[in-house]
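Below is one structure, written out as structure tokens, with a few remarks after it.
We did not get these values from a lab; they are worked out from the coordinates using the rules stated. What you see is a predicted model, and the numbers here were worked out from it, not measured in a lab.
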Amino acid sequence: MYWIILIAGLVGIDQWTKWYFLKNKELFNKFEVIKDFFYLTYLENRGAAFGILQNFRWFFIIITIIALAIMIGYFIKSDNNFLRLALSILIAGAIGNFIDRLFRGYVVDFLDFYPFGYDFPVFNVADICVNVGVFLLVIYIIFIYKEPVKHQ
């Protein structure tokens with residue numbers, strides 16, 4: 001049950017922040033938070049990560065549905081809490097951006113960083129969830145997962 005609460009909470013935070021920036025987009029055109037490092041910038045992303053594959057909305061919707069089905073399947077089969085945490089965070093991120101694509105036709109991005117002078121692509125809370133979820137999944141695969149022993 002707490003996994004559903006975690007997913008719903010993360011999706012809620014994601015959707016609330018996107019709604020806020022959408023409703024106040026005129027205020028967020030490179031709104032400076034930390035000079036030369038962090039800005040709040042409203043952006044409508046009609047593609048994927050780093051703005052690739054612009055205007056492939058239905059492709060991303062279909063791929064997300066397939067990915068969610070696979071992740072939920074692994075979540076249900078697993079009894080490992082670390083894997084379930086990773087998948088919950090990943091599922092929340094996928095759902096957050098899925099909602100945007102389905103109902104808006106684009107994903108609202110607003111976190112704009114310039115680390116070491118590099119203009120990093122603008123992103124959102126769902127993107128953070130996807131990255132943290134993938135990072136935890138990699139940790140699980142490398143350090144925790146063990147192949148089942150096959151009996152002959």
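With Rg and Dmax of the Cα atoms in Å defined as stated, name the option among (1) 35.0, 98; (2) 17.3, 66; (3) 18.8, 67 computed from the structure displayed.
Working out Rg and Dmax of the Cα atoms in Å from the coordinates points to (2).
Given the options N45, N124, N55, which has the most mean-square fluctuation in a GNM of the chain, springs set between C-alpha atoms less than 10 angstrom apart?
N55
Cross-link candidates for K23: which aspartates and glutamates have Cα within less than 12 Å, leaving aside residues fewer than 8 places away along the same chain?
List returned: none.
What full-extension length gain, to one decimal in nm, is calculated for L22 and F135 as 0.36 nm per residue of separation minus the Cα-Cα distance? The partial results should precede the final answer.
Working: separation 113, 0.36 × 113 = 40.68 nm, distance 2.88 nm.
Length gained, L22 through F135: 37.8 nm.
When we measure straight from the Cα of K18, which lysines land under 28 angstrom away, once same-chain ones fewer than 8 places off are left out?
K30, K35
May I ask for the angle, rounded to the nearest 10°, between helix 81-103 and the longest principal axis of the chain, with both axes built from Cα atoms and the value confined to 0 to 90°?
It works out to around 40 degrees.
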